1. Kindly indicate whether Leu8 is within 30 Å of Leu134 (Cα to Cα) and either exposed (fewer than 14 other Cβ atoms within 10 Å of the Cβ) or without any contact (Cβ under 8 Å) to a residue 40 or more places away in the chain (or both).
2. Would you confirm whether or not the range 52-69 contains a residue that is part of a helix (DSSP H, G or I) and either open to solvent by less than 80 Å² (accessible area, probe 1.4 Å) or at negative phi (or both)?
3. Does Lys167 satisfy the criteria of being in a helix (DSSP H, G or I), of a type in the set (Lys, Arg) and more than 15 Å from Phe98 (Cα to Cα)?
4. Among the residues in the range 88-107, are any assigned to a helix (DSSP H, G or I), in contact (Cβ under 8 Å) with a residue 12 or more places away in the chain and more than 21 Å from Arg137 (Cβ to Cβ)?
5. Take Lys150 and tell me if it is at pLDDT 90 or above, surrounded by 14 or more Cβ atoms within 10 Å (Cβ to Cβ) and in a loop (DSSP other than H, G, I, E, B).
Amino acid sequence: MKVLYYALTFYPVNSGYSNAFQNLLNSLNDTDLDIDIVTPVPLSDSKELEISSNMTIHRIPGIESKRFRGFINQKKISNFITELDKKNNYDFILFETFEHVYVLSLLPKYIFNKLAIRIHGCLETETFVFSNKLTHRLRYFTAKKFLFPKLRYIISTNSYHNYFIKKYFYNENEYEIAKRDFFVLP
């Protein structure tokens with residue numbers, strides 16, 4: 001089985017997210033899965049991770065312009081993932097977090113049949129919904145209007161986040177909620 005795994009933050013960054021993502025990959029190390037890891041985190045001067053032969057890391061360099069880098073880099077990542085999927089025809093695509101909401105929103109619709117997002121924390125949920133910052137409000141609008149209608153598989157680290165998504169992204173619409181599969185993966 002071929003899997004594409006998108007990690008928003010990854011080694012050499014030493015953060016809770018990065019460590020959690022690496023731990024998940026370590027748990028999949030001795031499986032029959034062929035895993036391509038895509039991350040926007042540069043390697044810099046660090047040595048690349050020594051991972052098993054069934055895992056490949058793709059690092060996507062970004063642009064430095066402060067004004068447009070957020071959207072342009074996410075468009076670049078979305079294009080890269082689309083091309084990688086066309087080349088490798090993945091069976092499953094997992095996005096750790098939907099903080100990069102534009103990457104997800106810009107993916108072609110066919111990819112969503114095999115794509116799952118995993119919700120980790122309050123930035124993706126409470127901050128997007130309740131913040132007054134324009135960037136967060138735009139991300140919430142984009143996620144609600146262009147991402148969540150296409151999603152079928154939603155994974156969360158706990159049931160609270162699944163409840164939050166049902167309430168604020170699907171307006172507790174039972175018909176829309178029933179079309180999706182919600183899972184908890186701590």
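The values are calculated or read from the model by the stated rules, or taken from the named source; none is laboratory data. All figures in this text were calculated on a predicted structure; none of them were measured in a lab. Here the Cβ positions follow ideal geometry from the backbone for every residue, glycine too, while neighbour counts run over all protein chains shown. Heads up: the accessible areas ignore ligands, DNA and RNA and are worked out on the full protein's heavy atoms, side chains in. Shrake-Rupley method; radii C 1.70, N 1.55, O 1.52, S 1.80 Å.
1. The answer is no for Leu8.
2. Yes, the range 52-69 contains a residue that is part of a helix (DSSP H, G or I) and either open to solvent by less than 80 Å² (accessible area, probe 1.4 Å) or at negative phi (or both).
3. yes
4. yes
5. yes
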